[in-house]
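Would you mind keeping the following structure in view while I ask a few things?
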Amino acid sequence: MKDVAVLDFGSGKLSFVVGVRSVDNSFIVKNYASIEYSGYYDGEWVSEETLSDDIAEVITQSGYNFRQRTLFVAVPSEFTQIKISGIVSDLGKKRTVSQSILSQIHNKAEGIAPTGYTALCSSALDYTLDGNLSTINPIGKTAQKIYANMSYVFGKDEFIKTVYSIVTNIGFKEVKFVDGVWAEGGQLIDESARVKGAVLIDVGYASTTFALIKGDGIKYKKDKSFGSGFLIDGLASAMGVEYETAQSLFSQITLNIESDDKSVYRYQIGSRRYECKAKDVNTFLHNRILTLVDFVNGCLAQIKEQDEASSTVDTASQVGSINLMTEFYLTGGGLSCIRGASQFFARALGREISLLTGNTAGWDKPYQTSAFATMEVAEKMNRKNSLLEKIFG
């Protein structure tokens, strides 16, 4: 099997990983490095002029020798857009649905990219056969009329051109761009949850993405400038200390238990030691995390409005609605860096939330999820498995 090389752009960390599929279906990691870098904010690089050096540095730190010249890049959500489009295909008579028929349906979507964006992938939220059978895997079933509820992901041209120029100058010959959130949802969330629709919340350093994963695609997504960096910066301002001082407190903080008036957190500035009330710090962070809860509830309300407003005779049933059976997943390093933050977030949201990580033992930290999910996609693309060759062009 071929080695797979992945470059993953977090909002605070830049990661590079090279691995190969093992016999137990996980990955053997051959090279890995992750560095802090300036990242991005609101869909723009914070320091584009240093990006080339950052990418060269993380690859150098990994010890990679460019034995594999194809690079897969995980595109962050803030540099992507999605479009949903229903496509009807009448086969003229009942036929057995094949991969080639589905590829023809995917072809019908060409030419709908927004200005300044390039198509990254197309995937079906679901297919409806002859108006009554809804499925995400119609191959082998018989139908005359197929309604495909399609999701298309587009990457920002500026991102693609910038990264392509840098990595080809470094030494890669071929570069393929993969939507990171699509990879996380499609590769790591079980199909049974995706059939019904699953919520994925990826909280990073400076960016958070809410996505409704449906079938093989993304039905809805929205980004918010929020993450651990905002929590640390806000706490530093509230305490009147430097960012690094506030950050040092995070190893002591526990948010899922009540603190009494005597509990304190300790920190040091120079040679002097200080104390602050744990209750005050926890209350401040609780309130900041509640803004994330408000964001998620706003997304859920938008999805409900969209579901109520949309209807078509070509679909067998209304799909994608959020209900008590909808599974929620949390990933990214933004909340996992604080003990109890994920639990507090779940309680405030009133939902049971599962932590989503990669499938490779020892490489299952929440901030590594996007890189290893992209590796799953990349390895399948190398094998030209299923519809992936068509999906990614």
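The values are calculated or read from the model by the stated rules, or taken from the named source; none is laboratory data. Please read all numbers here as calculations on a predicted model, not as lab measurements. Quick reminder, even Gly has a Cβ in these numbers, built from the backbone with ideal geometry, and neighbours come from all protein chains shown. The area values use the complete protein model at the heavy-atom level, side chains included, leaving out ligands, DNA and RNA. Shrake-Rupley method; radii C 1.70, N 1.55, O 1.52, S 1.80 Å.
Grab the DSSP H runs of the chain that are 4 residues or longer, score each as -39,500 (n - 2.57), total them, divide by all residues and round the 222 nm result to the nearest 500 deg cm²/dmol.
Computed mean residue ellipticity for the chain: -10000 deg cm²/dmol.
Can you work out the accessible area per residue across the chain, with the rest of the protein chains kept in place, probe 1.4 Å, in square angstrom?
So the chain comes to 45 Å² accessible per residue, rounded to a whole number.
Next question, about the same structure. To test your reading of the geometry: what angle, between 0 and 90 degrees and rounded to tens, separates the Cα axis of helix 228-239 from the longest principal axis of the chain?
So the helix axis and the longest Cα principal axis differ by about 30 degrees.
Same structure, new question: Could you give the spread of the C-alpha atoms of the range 206-363 along their three principal axes, from largest to smallest, in whole angstroms?
71, 34, 25
For residue 356, what residues show an amide H to amide H distance below 5 Å, using hydrogens built from the backbone and excluding near sequence neighbours?
For residue 356, the qualifying residues are 330, 331.
Within straight cross-link reach of residue 94, meaning Cα distance under 22 Å, which lysines are found once same-chain residues fewer than 8 apart are removed?
108, 141, 145
Aspartates and glutamates within cross-link reach of residue 380: Cα-Cα under 15 Å, excluding same-chain residues under 8 positions apart?
3, 179, 184, 216, 389
Ok, one more. Quantify, in whole percent, the carbon and sulfur part of the accessible surface of the range 80-193 (1.4 Å probe; protein heavy atoms only).
Whole-percent figure for carbon plus sulfur exposure: 44.
Here are a few candidate values for Cα Rg over 2.2 N^0.38 Å: (i) 1.05; (ii) 1.75; (iii) 1.15. Which one was actually calculated from the structure I just gave you?
(i)
Now, a different point. Top mean-square fluctuation among 269, 84, 353, Gaussian network model of the chain, C-alpha springs under 10 Å?
In the Gaussian network model the winner is 269.
List the pairs from 277/304; 93/304; 13/221 whose alpha-carbon separation is above 30 Å, in the order I gave them.
From the list (277/304; 93/304; 13/221), the Cα-Cα distance tops 30 Å for 277/304; 93/304.
What is the angle, in °, between the Cα long axis of helix 369-382 and the longest principal axis of the Cα atoms in the chain? Nearest 10 is fine, range 0 to 90.
Roughly 30 degrees, rounded to the nearest 10.
Calculate how steeply helix 51-62 sits against the longest principal axis of the alpha-carbon atoms of the chain, using the helix alpha-carbon long axis, and give the answer as 0 to 90 degrees to the nearest 10.
Long axis of 51-62 versus the principal axis of the chain: about 90 degrees.
Taking the Cα centre of each part, how many Å lie between the range 336-366 and the range 18-39?
If you average the Cα positions of each part, the centres end up 21 Å apart.
Work out from phi, with θ = phi - 60° and the Karplus expression 6.51 cos²θ - 1.76 cosθ + 1.60, the ³J(HN,Hα) of each residue of the range 134-148, listed in order in whole Hz, and give x for Gly and Pro.
So the J values, rounded to whole Hz, are 9, 7, 9, 9, x, 4, x, 8, 9, 6, 9, 10, 10, 9, 9.
Within the chain, what's the longest stretch lacking trypsin sites (Lys or Arg not before Pro) that sit in DSSP loops with no more than 15 other Cβ atoms inside 10 Å?
It works out to 263-382.
Which one of 47, 66, 35 is farthest out on the positive end of the charge dipole of the range 31-71, using unit charges on Cβ (Lys, Arg +1; Asp, Glu -1) and the Cα centre as origin?
66
Oh, and also: Please turn the phi angles of the range 37-45 into ³J(HN,Hα) values with the Karplus equation 6.51 cos²θ - 1.76 cosθ + 1.60 (θ = phi - 60°), one per residue in order, whole Hz, x for glycine and proline.
Karplus values, whole Hz, x for Gly and Pro: 8, 5, x, 9, 8, 6, x, 9, 5.
Another question, if that's okay. Would you work out the charge dipole size for the chain about its Cα centre, treating the Cβ of every Lys and Arg as +1 and the Cβ of every Asp and Glu as -1, and quote it to the nearest 20 debye?
1040
I would also like to ask the following. For residue 279, go through the aspartates and glutamates and keep the ones whose alpha-carbon is under 19 Å away, minus same-chain ones fewer than eight residues off.
The qualifying aspartates and glutamates are 233, 258, 260, 261.
Per residue of the range 73-79, what does 6.51 cos²θ - 1.76 cosθ + 1.60 with θ = phi - 60° give for ³J(HN,Hα)? Whole Hz please, x for Gly and Pro, Karplus curve as stated.
10, 7, 7, x, 4, 5, 10
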